[in-house]
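Undergrad: The following block contains the structure, expressed as structure tokens.
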Amino acid sequence: MNAKQEFVKHTSGREVKCAIVTRYYDDTVVASLNVGHTKDDYKEFLRLLDFEYDSGYGIWTLEGTIWYADGTSSDRREYDGAEWWEYMGAPIIPDSLQ
């Protein structure tokens, strides 16, 4: 699975307000997208997510939250090694993303 393609597909049709995604694998990479981001910020965010990983059974690779302009959100979920984005209501945006 490509993390960038998965993110773009999952957010299709929704306006992303901000997001944070942490990749755990050989190293830890944090991709964050602040409120009021520019197109260049979004491109850089997606560049950091442009990698292949196994979304099936194995180690938990991605953790994160996506906040949408409509007040809803998606959280990264994991069960028994399988991972996915789950769409849900909106939690509070952390100060670090403001």
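Throughout, read-outs are computed from the coordinates displayed, never taken from laboratory work. For clarity, every value in this text was computed on a predicted model and none was experimentally measured. Reconstructed Cβ throughout: ideal geometry from the backbone, glycine too, with neighbour counts over all protein chains shown.
Undergrad: About its Cα centre, what dipole magnitude does the range 11-72 give when the only charges are +1 on Lys and Arg Cβ and -1 on Asp and Glu Cβ, stated in debye to the nearest 20?
TA: On the way: 6 positive and 11 negative charges, 50 e Å.
It comes to approximately 240 debye.
Undergrad: In addition: Run the numbers for T22 and T72: contour at 0.36 nm per residue of separation, minus the present Cα-Cα distance, in nm.
TA: Working it through step by step, the gained length comes to 16.0 nm.
Undergrad: Right, another one. What is the range 1-44 by shape, rounded, prolate or oblate, if you read a ≥ b ≥ c off the alpha carbon gyration tensor as root eigenvalues and call it rounded for a/c under 1.5, prolate for a/b larger than b/c, and oblate otherwise?
TA: Oblate, since a/c reaches 1.5 and b/c is not below a/b.
Undergrad: If one takes the longest principal axis of the Cα atoms in the chain, at what angle in degrees, from 0 to 90 and to the nearest 10, does the Cα axis of helix 39-48 lie?
TA: Orientation of helix 39-48: about 10 degrees from the principal axis.
Undergrad: Sticking with this one: A3: net charge of surrounding residues, Cβ under 9 Å, Lys/Arg +1, Asp/Glu -1, itself excluded? Write out the running numbers ahead of the final one.
TA: On the way: positive: K4, R23; negative: E6, D50, E52.
Charge balance in the 9 Å sphere: -1.
Undergrad: Related question: Can you pull out the GluC sites (Glu not before Pro) in the range 14-74 whose DSSP state is coil and whose Cβ has at most 15 other Cβ atoms within 10 Å?
TA: Details: sites: E15, E44, E52, E63; in loops: E15.
For GluC sites (Glu not before Pro) across the range 14-74 that sit outside H, G, I, E and B with at most 15 neighbouring Cβ atoms in 10 Å, the list reads E15.
Undergrad: With a sphere of radius 10 Å drawn around the Cβ of L33, what net charge do the other residues whose Cβ falls strictly inside it have (Lys, Arg +1; Asp, Glu -1)?
TA: -1
Undergrad: Which chymotrypsin sites (Phe, Trp or Tyr not before Pro) in the range 1-46 pass both tests, a DSSP loop state and at most 15 other beta-carbon atoms within 10 Å? Intermediate values should be presented prior to the final figure.
TA: Details: sites: F7, Y24, Y25, Y42, F45; in loops: Y25.
Counting only loop positions with at most 15 other Cβ atoms within 10 Å, the chymotrypsin sites (Phe, Trp or Tyr not before Pro) in the range 1-46 are Y25.
Undergrad: Need the full-extension length gain, V35 to K9, defined as separation in residues times 0.36 nm minus the C-alpha distance. One decimal, nm.
TA: Working: separation 26, 0.36 × 26 = 9.36 nm, distance 2.05 nm.
My answer for the length gained is 7.3 nm.
Undergrad: Could you give the C-alpha radius of gyration of the chain expressed as a fraction of 2.2 N^0.38 Å, taking N as the number of residues it contains? Please list the in-between numbers first.
TA: Details: Rg = 12.8 Å, N = 98, 2.2 N^0.38 = 12.6 Å.
In units of the 2.2 N^0.38 Å rule of thumb, it is 1.02.
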